Amino acid sequence: MSFSFIHAADIHLDSPLAGLEQYEGAPVEKIRGATREAFKNLVDAAIERQVHFLIIAGDLYDGNWKDYNTGLFFTSQMVRLQKEGIPVFLIRGNHDAANLMTKSLKLPENVHEFPVKAPETVTLDALGVAIHGQGFAQRAVEENLVKNYPPKKEGYFNIGILHTSATGREGHENYAPCTIEDMMEKQYDYWALGHIHMRELLHPHDPVILFPGNIQGRHIRETGEKGCTYVEVKDDTIEKMEPIPLDVLRWTLCPVDMGDIETMDGLMDAARSALEKAYGEADGRYLAVRFELAGATKMHRELIAKKDLLLNQLRSIALETGFGEIWVEKVKIKTTGLNDADAFSDEQSPIGTVLKFIRSTAENEEMLEALLDEFSDIRQAIPHELKEGEDGFDFSNPGLVKKRIKDVEDFILYSLTETGAEKA
Amino acid sequence: MRFDYLNLLAYGHFTDQMLSFDPEKNFHLLFGPNEAGKSTTLRSITHFLYGFPQKTNDAFLHGNTKLRIEGLLRNTKGEALQFTRRKGKKNTALDPDGNPVPENTVAAFLNHMPESQFLNMFALDHVRLREGGESLLESGGNAGESFFTAASGINVLRRVLENFDKQAGALYKKTGSVPELNKLLKREKELSKKINEQQLKVQAWKAFEARYRELEKELGALTAKIKTLRSQKEQLQRVKWILPKIANRKNLLQKLEALGDVPDLPDNIAEVRAEAENKWNASRANLDKISRQLAGTEAEMKEISIPEHILEQAAAITGLYRQVQQYEDDEKMLPELEGKKQQLQAQLMSVMKEIDPDRAAVENIEHYRLPSAQKEMIRELCKQKPLLDQAYESLKREGEKLEKELAKKLEELAALPDLPDVEKLEAVLTKVNRAGDVEAAIHELAAECRQKQRQVEEAVRALPLWDGEAEELVKLPVPGLEETVKKFEKEAEQLTRKLDSVQSRISRLKEDIEASEESIRRLDSIAEIPSEEKLSAVRALRDAGWQLIRTKLETGHWHETAETYTKGEPAASVYEKHVLEADQIADTMRLEAEKVGEKNKLLADIRKFRGKKEQLEKEKSGLEEALRAWESAWQNLWAPAQIRPLTPGEMREWLQKHTQIKSLMQDYEKAQEKMRALHDSRADCCNALSAVLKTFAAVSEGQPLAELVSLAENELKKIRSLAAKKDSLETAIHDLKEKREENAAERAEIGKKREAWLANWSSAVAGTAILEEVPPAVAESLLARYETCMQLYDAYNQTEKEQQAVTEKMARFEEKVQHILETAQLPLSGENAAVAVSQMYQLLQNAQQDDAALKKLKRHSEDLENERKEEAEALEAAEAVLTELFQQAGCSTIEELKQIETAFLLKKSFEKEIRQIEADMLDAGAGKSLQELLDEAARFDADSIDADLAETGRELDRLEASRSEVEQEYGAVKKEYEEQIRGANMTAIEAGQERESVHAQIASLTEQYIQLKLAAALLQKGIEFYRSQNQNPILNRAGDIFARLTLHSFDGLAVDYNEQDEPVLMGVRSGENVPLNGMSDGTTDQLYLSLRLASIEKYAAENEPLPFIVDDILVHFDDERSKETLKVLLELSSCTQIIFFTHHQRLVDMMQEIAPPEAVQYLAFHGQKVAVH
């Protein structure tokens, strides 16, 4: 018996792309509804390849997004598959569990959703396939769901669908943890996993255990190609596993080594060639780029002081290179100075004294607390979303000041010396 | 660290330029004029220490790769570093062997100080000094900023701080809408609202979907009901419509039956029958008419006969007839041509005779023909002759005229007199004129002198303390310097002010003493306040009493002093009285304790006040003494001038006036001097002029200059006019002579041309009737006759030819006529050919007309015959049709046929009507058969149909209306449903995306904002920290330097607090604090310099010292202050090397004046020693 199916996960339909500041020349219009476009691409791929079924291993929606249009859109895409006679098997992930839509949406008959209280097995007798699955009942599922999955059905090709963090992955909540051994024990042929956004093959065969990754990157931590996996089975053996890219906009890091760069022009040249490379690799997709400048350079302080100018210049280079298809997300300055700034602290010179003082504040909790008072106004004003998370502005934490002191020192030094000193 | 030497091996315009810094000296004064390369040398110091910048203007003589600076550094530990600097990216410092010196090694000698910081701290020029002064002012004297700015040399500090604030303000303000973050935050709120509004809520969707289904159902029910009603209505309508049709049909069927049997005939029987009948009648009439016409035509044809032989010649006769006119014209022309021929012959003979009568005959005509070349030659020569003659005549006349004119001019020249030499006169006159209008100048100056003299006298009269002459006044030895008087004024003012202050303080003290005494009196007046002394005295008495009583109790005896104590009274009562008294005093004191304290305090105050007053009085007498001393010094100052001075202020004014008088006096003297010079110049001019004029005209002694000048000018004018006349005559004579020669040459030329003409003429006229001697006009007329002769002969020939041609043409015509007459055998005479042709032509035309008429008649007869045949056939056909009809109807006459025909047509019409009615019924019968329809109609009551129909119609209208309503609503809902079901509404999603972007922008701007705010706060705190660490040592030292640099106009520096409680730097003058905005520009510069020098001194004391590079900082300083500054710098050089650049020799001189020779090294930019004066 031969058949084929597509395994996808973590659609996060209609969730916005994060961190993209709008600016003149950015492809604002072109990336609207990127997750929708990617999802359409998924349905297109299933129809084009005439697969026998489609598996979605959780997280169709974002938990906090409550627009019913999203559900209706999903249904309309499922109807397309229904017309082609392609069934869909899906489970709820942590995000779906929290979303109101999941519970209220009426799905077309070709879509089967597995229960959340206990695992269920669906058999496709014509293909000889048994599919086992269980969804998330609430956002945080901490038990090992695999344990309750039924044993394999003899004489069938067994597929397990599961939303899990497996043995834990950085940047993802640790839900429904399980080990590879747990999964192997069930003697299934294929474990269709979801939850981890980075594509990862946990086990290559007998069984195949695979995270296909999400279908569209949504911020700079989700870089590279994104899509689903196409699987071909012949006589109960997996013949082919092929990743199909579905993303509309690709996220890329563009590192620039500043080691040998001494001028703004040199920097722009290096950035341009890095960008051209990334653009070439994106295969005609829209591109969101983060520049990361690293290395020891004498331009270090200038970069910190002229960050704004730098960003604008890089954006205009992106515009030239990508004809309006590249979005510069951010410029991250990770450079260091050559060494003169440190030498100041050994000195009695006036500026050395001031710098020594500034550096000492980093270790002075009382002083850091006092500096936080400078931000009492803006602290009230900015939206709470921006105060949360790792990079959030936590104005109650002296660490906010502490981690910026080095940059501020470089900024002050640049302002005082580079702009004021007359070259004889 | 210090420089031992610096060698500009290849740099700027220098090559191998050595600056050797004397190791024994620490102060190096580098002097050079402008353009000598001061700034290049200055630049070379930093380039040597820190490397060349990427772009340099110093690579014009030596290329970038060739640039080299060499030097030797030495630190206080005695370590030395010698290296050469080249331009490049890496390894730019090389040791003497050419190996790279690590940059860190060089940096160690510079305490690892970066270039910008080195420049800020250790390089100073007057521009940066002035900037520094200004930045102190801008900071409002803020102590922290002032110390930091001056010490670090970072003059932009204030601007940097303001910039931080400004940029942060542009990003965010607590209350505001313009800053970028405020705008974004507002947008963020709007977007959140929009998302909430635009999101499709689950409940909303469910409700909407239910509504859609409900409407769908309602609409279905309505439609079904309408359908039933409508079919009911249709049936009623059908029956209503059919009933009358059924009645009509029945009626027709009855009529048909009544007609009985009728034979079948063609449907169009009436037409067929009428047509056949009509045709038969018409054909009969036509046949008769045609027979009559044929008989008439035959008769006409017999009457016509035709002459065939004339018709045969028709073409020839017509041709001749056309030529008749030409023939008659020729006949007339023959005699005309003969006449013309004879006339021409006569003319020709006459002309021939005129030319040569001997040979005049037509046969000789060839003798009268001349070749063209000969004719042209004669004509050309005829034209030339008159031109030659005219030219010759005119030259001859011109020659004579020239001779006459020449003779006249020579005569005039001989009449002119000899002219004298005027060169010397001209020279003297030019000189005098160049001296200008001396007389007028003298006059003007004299007036000016008088006015100046008056001014001086007026000023001297107005000057107080003096009644002598101006000349003496000017020589008076008065104190020269206003500054000195100012100093006295200031001293007097200070002394008086101090005295006043002391006096008023004494008065205040006196008042205080009186007030205190008054207070004591007031206290005492309320109740006597016992003093401590009094209490002690009473207690002593009490205690003495107790001792006596105690002794008595212990020993049983009274002490010997008891008597004096008791004074006879009982001891117990005395003691008791004392005890009581002491207690009373103590009680009073306790009760009045406050007053006691107050009194004690007042007494102490009075003592203190008195002490102070005494001290002040001493001070006052000291001040009075000083005032007296000042007064005598003041008088002494003026003693040499023997003037008793008034107050310094008045005397300052007196001195200014004195100076004015002096300057007026100088002006006056200058004017007088100028006057004397002018008098001398006038005398010189007169002498020179009269000396030279004597040779030309009478000159009297002492004649005024103006007269002399005009005399000289007149003479000169006369002589010059004569000279001009002579010149013009000589020129004219010369010209005339030249013209005379030219004329003679031209005449000879013309003569030659005339001879040549004559030779040509002779050869041209040879062989003609023209004689050599005839004038050209005659020759030309003869030539014309020759031509006329030839033209006449040609015309004669032509006429003769024409005559022959006409005669031949006429003969040919007559021949043709004769020929036709014979051929056609016409009975005409051929004598006159023209008449014969006309007659022939008439006969021909008649014959042709007859022929045409006959042919026409024949064609007509044939047509008639054909018509007769056709008519006979038609008649037969009509008869056949009628016979057929009779057979069908079973009759034999046309009348019988017509009756049967009428019955047949009626039957046809009834049948047709019945068919029509049945067809209509079936059409409206909705597919039912005729019988079904008849049955259906039978079921209804005809009378109630209308009422039923109306009722059904009303019900239908009602239902339709409500369906339309439901349909509209359903349509709208359906459209929306179909749109929404796809989930294509992305408004909220797009707003969500935009909000994400706005968050990103807010995050990025907040990051900037934090950086700016932190930078501002940390920099300010850092500076404050610097101040707290360094204020005291620097303030004292800077204060000392400041006092010296301001020549003790200030005593020092202090830090005080302003209204905002911020520490502020102030100058101290006469014990008072002066804020920075109360100082002049120069003073703030000196303040900046003081802080700067104190900081460098401190730095040098605590670190390895770095050389201080000074570039002409004294530009704005006066000599005294410059000297003081140099002294301070000289002191500073004891702890650090100072390299002092200047363009000004005066600074070199000043340095030599104040510094011992062993302390300073003088260097020119070229490495040579400076010239020492």
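Observations
- In the stretch B:129-151, residue nearest to the other protein chains (Cβ to nearest Cβ) [restricted to those that are outside any helix (DSSP H, G or I) and small (G, A, S)]: B:S139
- Within the stretch B:211-218, none of the residues are within 13 Å of chain A (Cβ to nearest Cβ) and closer than 30 Å to A:P16 by Cβ.
- When we screen A:L355, A:L371 for residues that are in contact (Cβ under 8 Å) with a residue 40 or more places away in the chain, farther than 17 Å from A:V256 by Cβ, surrounded by 18 or more Cβ atoms within 10 Å (Cβ to Cβ) and within 9 Å of chain B (Cβ to nearest Cβ), the only hit is A:L355.
- With respect to the conditions (1) more than 9 Å from chain A (Cβ to nearest Cβ); (2) surrounded by fewer than 17 Cβ atoms within 10 Å (Cβ to Cβ), B:R158 lacks only one, and its number is (2).
- Test: residue in the stretch A:52-65 that is touching a Phe, Trp or Tyr at 6+ places or on another chain (Cβ under 6 Å), surrounded by fewer than 22 Cβ atoms within 10 Å (Cβ to Cβ) and touching a residue at least 40 places away in the same chain (Cβ under 8 Å): yes
- Among the criteria (1) crowded, with 22+ Cβ neighbours inside 10 Å; (2) touching a His at 6+ places or on another chain (Cβ under 7 Å); (3) in a loop (DSSP other than H, G, I, E, B), the one B:H1116 does not fulfil is (1).
- Residue count for the stretch B:972-982 under the criterion of being within 7 Å of another protein chain (Cβ to nearest Cβ) and either among the hydroxyl-bearing types (S, T, Y) or in contact with a His (Cβ under 7 Å, 6 or more places away or on another chain) (or both): the result is 0.
- Entry remark, the stretch A:377-407: residues being part of a helix (DSSP H, G or I) and more than 9 Å from every other protein chain (Cβ to nearest Cβ) number 6 in total.
For every residue, the table says whether it meets (1) aliphatic (A, V, I, L, M); (2) buried (at least 19 other Cβ atoms within 10 Å of the Cβ).
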| site | (1), (2) |
| --- | --- |
| B:A108 | yes, no |
| B:N111 | no, yes |
| B:V127 | yes, no |
| B:A151 | yes, yes |
| B:F164 | no, yes |
| B:G169 | no, no |
| B:K201 | no, no |
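- Matching residues in the stretch A:99-115 - criterion: being away from chain B (no Cβ under 14 Å) and touching a residue at least 40 places away in the same chain (Cβ under 8 Å): A:F114
- Some residue of the stretch B:54-68 being closer than 26 Å to B:L1129 by Cβ, charged (D, E, K, R) and away from every other protein chain (no Cβ under 13 Å): no
- Residue among B:K341, B:K353 that is surrounded by 11 or more Cβ atoms within 10 Å (Cβ to Cβ), touching a residue at least 12 places away in the same chain (Cβ under 8 Å) and in a helix (DSSP H, G or I): B:K341
- Considering only residues in the stretch B:400-419 that are surrounded by 11 or more Cβ atoms within 10 Å (Cβ to Cβ) and not in a helix (DSSP H, G or I), the one that is modelled with the lowest pLDDT turns out to be B:L419.
- Highlighted here are the strands (runs of 3 or more DSSP E) found entirely within the stretch A:213-311 that include at least 1 residues which are surrounded by 23 or more Cβ atoms within 10 Å (Cβ to Cβ) and in contact (Cβ under 8 Å) with a residue 12 or more places away in the chain: A:227-234, A:249-257, A:286-296.
- Test: A:D10 is closer than 25 Å to B:A1000 by Cα and away from chain B (no Cβ under 12 Å): yes
For every residue, the table says whether it meets (1) touching a strand residue (DSSP E or B) at 6+ places or on another chain (Cβ under 8 Å); (2) closer than 16 Å to A:T417 by Cβ; (3) within 10 Å of chain A (Cβ to nearest Cβ); (4) touching a residue at least 40 places away in the same chain (Cβ under 8 Å).
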| position | (1), (2), (3), (4) |
| --- | --- |
| B:F118 | no, yes, yes, yes |
| B:V127 | no, no, yes, no |
| B:F164 | no, yes, yes, yes |
| B:L181 | no, no, yes, yes |
| B:L185 | no, no, yes, yes |
| B:K189 | no, no, yes, no |
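- Taken as a whole, the condition of being in contact with a strand residue (DSSP E or B) (Cβ under 9 Å, 6 or more places away or on another chain) and farther than 30 Å from B:D16 by Cβ does not apply to B:S1095.
- Residues located in the stretch B:445-484, provided they are under 18 Å from B:D667 (Cβ atoms) and assigned to a loop (DSSP other than H, G, I, E, B): B:L463, B:E469
- Condition met for A:V129 (within 28 Å of the chain's Cα centre (by Cα) and farther than 25 Å from B:A204 by Cα): no
- Residue count for the stretch B:166-179, restricted to those that are assigned to a loop (DSSP other than H, G, I, E, B), within 12 Å of chain A (Cβ to nearest Cβ) and either touching a strand residue (DSSP E or B) at 6+ places or on another chain (Cβ under 6 Å) or of a type in the set (A, V, I, L, M) (or both): 0.
- Total residues in the stretch B:60-85 satisfying the condition of being surrounded by 13 or more Cβ atoms within 10 Å (Cβ to Cβ), over 18 Å from B:M1 (Cα atoms) and free of Cβ contacts under 8 Å to residues at least 24 places away in the same chain: the figure is 1.
So that you can scan it fast, the table gives a plain yes or no per residue for (1) in a loop (DSSP other than H, G, I, E, B); (2) in contact (Cβ under 8 Å) with a residue 60 or more places away in the chain; (3) within 60 Å of the chain's Cα centre (by Cα):
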| residue | (1), (2), (3) |
| --- | --- |
| B:G611 | no, no, no |
| B:G622 | no, no, no |
| B:E653 | no, no, yes |
| B:S700 | yes, no, no |
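- Restricting the stretch B:257-281 to residues that are more than 21 Å from B:L905 (Cα to Cα) and surrounded by 13 or more Cβ atoms within 10 Å (Cβ to Cβ), the residue that is modelled with the highest pLDDT: B:K279
- Odd one out for B:G37 among (1) in contact with a Gly (Cβ under 7 Å, 6 or more places away or on another chain); (2) farther than 20 Å from B:D1111 by Cα: (2)
- In the stretch B:64-72 there is at least one residue that is over 30 Å from A:P350 (Cβ atoms) and among the hydrophobic types (A, V, I, L, M, F, W, C).
The values are calculated or read from the model by the stated rules, or taken from the named source; none is laboratory data. This is a predicted model, so every value here is computed, not measured. So basically every Cβ, Gly included, is an ideal-geometry build from the backbone, and we count neighbours across all protein chains shown.
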